[in-house]
Amino acid sequence: MSSAHGSVERAGNRGRGPSGALAGLIALAVFLGIAELVAIATGPDTAPSIAIGQNAIAHTPEWLKEFAIRHFGENDKHVLLAGIYSTLALLSALAGAAGAATRRAVTVGAIAALGVAASISAATYPTGTIVSVGPSLAGAVVAAYAFCVLVKDRPNPSRPTLDNRSRRQVLGLGGAVLAGGAAAYVIGRVGLQSAYNAIASRTAVAFPKASSPLPSAGGKTGFNVPGLSSYITPNTSFYRVDTALVVPQINTSDYRLSIHGMVDNPATYTYDDILAMPLVERAITLCCVSNPVGGPYIGNAVWLGALLKPLLARAGVSPDADQLFMTSSDGMTIGADLRAATDGRDAMLAVGMNGVPLPFEHGFPVRMVIPGEYGYVSACKWLVDIDVTTYEARQAYWVPRGYSAQAPVKLESRIDTPRGGSHVEAGLVPVAGVAWRQHVGISRVQVSVDGGDWNDATLAAVDSPDTWRLWKWDWQATPGSHRLQVRATDAQGNVQVATPTPDFPNGATGWDTIEVTVT
Ligand SMILES: Nc1nc2c(c(=O)[nH]1)N[C@H]1C(S)=C(S)[C@@H](COP(=O)(O)O)O[C@H]1N2
Ligand SMILES: [Mo]
């Protein structure tokens with residue numbers, strides 16, 4: 001250990017492996033750190049971890065998403081990034097060990113391959129340009145240099161090493177290089193966060209008074225039952241589903257919305273243009289097509305926005321068009337049914353959510369909301385472009401991945417309380433939850449115990465048929481294990497489909513069913 005002779009080589013094959021692996025890991029840290037630093041100049045989604053992650057999201061086969069990370073909720077994104085970092089770490093250690101055991105050109109080649117792969121990912125991302133290759137290429141060059149500083153080639157593996165650095169020297173050098181890489185990473189992260197945020201812009205937003213305020217529900221919209229959803233979902237607990245690893249940050253002053261395609265009068269609107277339009281305030285329930293029966297990917301918010309119909313009327317839409325093909329600032333595409341968007345429902349360019357400007361995760365500064373349509377065919381966040389077109393001409397992101405091009409929300413209901421698998425005391429137990437078929441409305445909710453008769457639940461009031469409806473039924477619970485089921489009837493008299501079908505390709509059906517133990 002304290003020998004003055006070179007350690008990486010001197011220890012023979014056994015010693016070179018782990019040291020080479022360590023040098024490989026340090027080179028990875030340098031790669032990521034330098035790249036992050038350069039990304040301050042080129043933008044957050046040019047950083048290699050993000051570029052690789054976005055590429056992975058775009059190319060993950062559907063069955064894999066089905067299994068693990070279907071729609072990339074917030075936690076799924078962390079899981080994805082953790083997976084990418086650990087894969088990179090493993091490959092770097094292997095490449096480092098291989099290079100130290102043979103020739104370091106092997107490792108340099110691997111670093112170059114990583115740099116090229118990350119560069120291609122960054123440049124081919126929808127928002128990518130040629131400068132997007134900068135971070136990964138710079139990172140790769142410095143990482144390769146760092147590896148060569150740490151690991152010396154041996155002219156002849158069977159001879160004693162020519163390198164006379166001590167293990168302590170090598171470790172000290174490695175530590176210094178590692179610290180440099182880590183510092184670059186931290187400075188890069190902080191720099192990216194301060195250079196690319198629209199926090200001040202969002203804080204400065206002042207909404208005019210809505211010309212059409214929220215209609216009154218004319219009654220109580222909820223029940224005082226612990227565990228039951230609130231009628232309005234707070235922004236902080238509103239579900240989030242999108243493919244963005246970096247939440248777009250758009251200043252309102254830079255914001256432009258372009259409406260074009262099969263229209264007589266293409267137009268571009270600024271954020272102030274939209275705020276100057278008559279604004280309506282409406283409670284609308286948003287639901288993800290990936291929400292399984294009984295699932296959490298649904299919420300109800302009060303949206304403030306400009307109605308879409310007058311805007312499209314001003315644009316003069318061709319009678320041959322049938323799709324609104326929307327694009328977000330990060331290149332996501334969402335195709336909405338033009339007929340649904342213009343049949344008189346409150347389809348809107350939303351700017352406010354529950355009394356505040358849209359949170360960044362929910363689409364600041366402008367998103368689409370169309371009552372009655374699943375999010376992936378309506379609710380484009382960070383909306384910057386609307387191409388009035390046909391389904392035949394253009395396919396939005398999820399369509400070639402097997403999801404239906406058109407997807408109205410299906411009639412569904414959920415038991416919020418009691419929780420499945422829980423224990424409750426015998427006697428009066430409130431069973432309560434939510435039911436929805438946006439833009440049609442709910443007329444009846446029924447609960448069945450152990451496959452017996454359907455009991456009518458009490459329904460809360462709603463602002464409009466565009467929201468979910470809270471319900472409650474008082475159950476005289478007797479000791480034992482019981483199965484509770486719920487089904488809803490919509491305002492057209494349709495009863496919720498009993499047959500369980502998966503969420504793919506256009507929304508799940510079936511009755512939410514739970515087991516509870518009464519003691
Ligand atoms: N730009 C963009 N908009 C998007 C998505 C996306 O991935 N990118 N996902 C859609 C999907 S699948 C749903 S369910 C809703 C979710 O909106 P929320 O995250 O505000 O709840 O946003 C929609 N709008
Ligand atoms: Mo969704």
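Results, tabulated for the structure shown:
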| item | result |
| --- | --- |
| Share of Cα-Cα pairs in the chain lying beyond 32 Å, as whole percent | 54 percent |
| Contour excess over end-to-end distance, with Cα ends at Ala498 and Thr268 and 0.36 nm allotted per residue | 78.2 nm |
| Nearest-ten-degree value, helix 104-124 long axis tilted from longest Cα axis of the chain | 30 degrees |
| Between 0 and 90°, nearest 10: helix 48-59 axis offset from the chain longest Cα axis | 50 degrees |
| Cα-centred dipole magnitude for the range 235-389, charges only on beta-carbon of K, R (+1) and D, E (-1), debye, nearest 20 | 300 debye |
| Stretch in the chain that is longest and holds no GluC sites (Glu not before Pro) that DSSP places in a loop and that have at most 11 other beta carbons within 10 Å | 1-391 |
| Size of electric dipole in the chain: Cβ of Lys, Arg +1 and of Asp, Glu -1, about Cα centre, debye, nearest 20 | 2200 debye |
| Of Leu411, Gln395, Gly174, farthest towards positive along the dipole that unit charges on Lys, Arg, Asp, Glu beta carbons give the chain | Gly174 |
| Using alpha-carbon coordinates, inclination of helix 134-150 to the longest axis of the chain, degrees | 40 degrees |
| Chain lengthening between Thr203 and Glu515 when straightened (0.36 nm per residue, less Cα-Cα) | 107.7 nm |
| DSSP bridge pairs, the range 235-389: antiparallel proportion in percent, nearest 5 | 90 percent |
| Relative contact order, percent, the chain [alpha-carbon distance under 8 Å, six or more residues apart] | 14 percent |
| Gained length - Asp320 relative to Leu173, 0.36 nm times residue gap less alpha-carbon distance | 46.1 nm |
| Asp466, Asp320, Asp76 arranged by Cβ crowding within 10 Å, fewest neighbours leading | Asp320, Asp76, Asp466 |
| Whole-Å distance, taken between Cα centres, linking the range 342-409 and the range 487-519 | 25 Å |
| Ranked list, fewest to most other Cβ atoms within 10 Å of each Cβ, for Thr509, Thr389, Thr236 | Thr236, Thr509, Thr389 |
| Rounded to whole Hz, the Karplus (6.51, -1.76, 1.60) HN-Hα couplings of the range 225-230, x for glycine and proline | 10, x, x, 7, 4, 7 |
| Selection from Val495, Tyr376, Ala321 lying farthest towards where the dipole of the chain points positive, charges on Cβ | Tyr376 |
| Theoretical ellipticity at 222 nm over the chain - DSSP helices of four or more residues, -39500 (n - 2.57) apiece, nearest 500 | -10500 deg cm²/dmol |
| Loop-located trypsin sites (Lys or Arg not before Pro) in the range 142-249 whose Cβ has at most 13 other Cβ within 10 Å (DSSP) | Lys209, Lys220 |
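Taken together, the values in this text are just the output of simple stated rules run on the coordinates, not laboratory data. Bear in mind the structure is a predicted one, so any value in this text is a computation, not a measurement. A quick note on method: Cβ atoms are made from the backbone with ideal geometry, for glycine too, and the neighbour counts reach across all protein chains shown.
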